[in-house]
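Just so it is clear, none of the values below were taken in a lab; they were calculated from the coordinates. If you're wondering where the values come from, they're calculated on a predicted model, not measured in any experiment. For neighbour counting, all protein chains shown are included, and Cβ atoms are generated from backbone atoms with ideal geometry for every residue, glycine included.
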Amino acid sequence: MNTAYFYLTPQGEKLAARLSAGHPGDLYGKKQFKDNLREAFSRYDNLVCIMATGIVVRILAPLIVHKTSDPAVVVLDQDGRHAISLLSGHLGGANDLAREMAWLSGGDPVITTATDVAGIISFDSFAKAHNMAIENIGQLKKISGALLEGRKVRVITDYQFEDFQGQPLILQPLSAGCQEKNSAGCQEKTDVCPIVVIDEGFRLPDDQGQPVLYLRPRTICAGIGCKRNMDGAAIEAALLQTLKEEGLSPLSLRCISTIPLKANEAGIISTASHLNLPVTIIATEDIENLDISSLGIATSDFVAANTGVLSVSTASSYLASGRGEILRDKAKYKGITVALSKADINH
């Protein structure tokens with residue numbers, strides 16, 4: 001997360017230097033201030049502005065797009081008495097940044113988001129803290145609105161979180177409401193109240209009659225093996241098909257993994273880039289040290305002869321997941337293999 005500090009006065013400069021000593025970032029002064037601030041809006045994750053709030057609002061207002069993409073913006077007075085969370089409080093992390101800046105300056109954080117003021121769980125902050133993707137963010141305000149109105153929200157998940165303690169939530173495991181995770185229908189209708197589903201792929205029928213918010217934990221590590229110069233579109237299609245067969249959302253992908261021999265394979269790189277995923281390269285010796293047979297991983301003499309290891313996709317996905325759970329041993333496509341492993345949610 002990169003941070004930029006902006007100041008307009010000598011006193012503001014001193015405060016910016018003090019803040020950046022505790023939270024490193026780039027400092028910008030009065031010279032070309034407006035242009036620098038506008039440019040920084042798309043370049044930095046965090047903007048800390050030591051000046052009047054109105055100045056920041058007037059400059060940045062035309063640039064604001066959506067809370068899923070806008071940076072965190074925090075405004076402080078030059079004495080550091082107040083740190084105001086101005087923009088992207090939850091998803092962008094401005095609320096937490098304001099608290100940090102207030103701690104560093106010795107002032108008070110100013111947080112105005114309703115759920116924070118009321119002490120109620122905010123599922124966008126929750127998703128960010130636990131590395132989850134929000135599938136349908138348009139439903140978020142309905143969930144938050146219900147909680148602020150004093151209504152309970154049903155949370156369907158097999159995961160447990162300390163964040164839920166003391167919150168007005170009805171917790172329900174996936175198995176209690178549906179026959180299986182990929183079931184097209186449920187055994188019985190849930191109570192009429194908003195629902196939050198936290199799972200890598202489970203989906204309720206569309207006729208719930210109340211808002212449903214889907215949070216997808218990023219726990220799935222995909223291993224990819226392929227012939228040389230395979231087309232990126234074919235690799236991505238194979239990956240998405242494998243996810244579909246396993247009932248998993250693409251939003252739950254954490255990384256794409258492969259072996260050093262394929263580190264520069266253009267099709268793998270383009271697939272990862274298109275899906276906004278990192279590529280994890282698994283060392284050959286780490287795969288060689290695996291007890292392949294006890295893990296039940298399918299092997300190939302042809303693969304071994306060409307790559308030097310008995311398994312590419314499954315072994316790399318398994319190791320990338322931190323030796324998690326193998327969900328799918330290699331799925332074979334023309335010139336491509338795909339495997340899926342699940343990391344511990346806290347890994």
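Values computed for the structure shown
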{"quantity": "Assigned charges on the beta-carbon of Lys, Arg, Asp, Glu; region 224-283 dipole about Cα centre (debye)", "calculated": "140 debye"}
{"quantity": "Most to least packed among 41-48, 194-201, 109-116 [average Cβ atoms within 10 Å]", "calculated": "194-201, 41-48, 109-116"}
{"quantity": "Among 269, 54, 117 - extreme Cα towards positive end, dipole of the chain, charges at beta-carbon", "calculated": "54"}
{"quantity": "GNM flexibility winner over the chain from 75, 153, 303 (Cα, springs under 10 Å)", "calculated": "303"}
{"quantity": "Antiparallel DSSP beta bridges within the chain, percent to nearest 5", "calculated": "40 percent"}
{"quantity": "Where trypsin sites (Lys or Arg not before Pro) fall in DSSP loop in region 221-309, at most 13 other Cβ within 10 Å", "calculated": "227, 228"}
{"quantity": "Euclidean distance of C-alpha centroids, region 6-29 and region 279-347, integer Å", "calculated": "48 Å"}
{"quantity": "Cleavage-rule hits (chymotrypsin sites (Phe, Trp or Tyr not before Pro)) in region 72-144: DSSP loop, at most 10 neighbouring Cβ within 10 angstrom", "calculated": "none"}
{"quantity": "Part-to-part distance (alpha-carbon centres) for region 128-150 and region 40-85, which is given in Å", "calculated": "23 Å"}
{"quantity": "Dimensionless Rg/Rh of the chain - Kirkwood Rh, Rg from C-alpha atoms", "calculated": "1.04"}
{"quantity": "Packing-based exposure ordering (other Cβ within 10 Å, fewest first) of 261, 147", "calculated": "261, 147"}
{"quantity": "Ratio of the Cα radius of gyration of region 220-342 to 2.2 N^0.38 Å, where N counts its residues", "calculated": "0.92"}
{"quantity": "Ellipsoid equivalent to region 3-112 - semi-axes via the Cα gyration tensor, in Å", "calculated": "18, 16, 12"}
{"quantity": "Dipole magnitude (debye, nearest 20) for region 220-342, charges at Cβ of Lys, Arg, Asp, Glu", "calculated": "280 debye"}
{"quantity": "Unit charges on C-beta of K, R, D, E only; dipole of the chain, Debye", "calculated": "800 debye"}
{"quantity": "Likely footprinting exposure, 312, 155, fewest C-beta neighbours within 10 Å first", "calculated": "155, 312"}
{"quantity": "Distance violations [Cα-Cα > 21 Å] among 34/128; 67/142; 262/334; 14/128", "calculated": "34/128; 14/128"}
{"quantity": "Whole-Å semi-axes of region 92-142's equivalent ellipsoid (Cα gyration tensor)", "calculated": "24, 13, 8"}
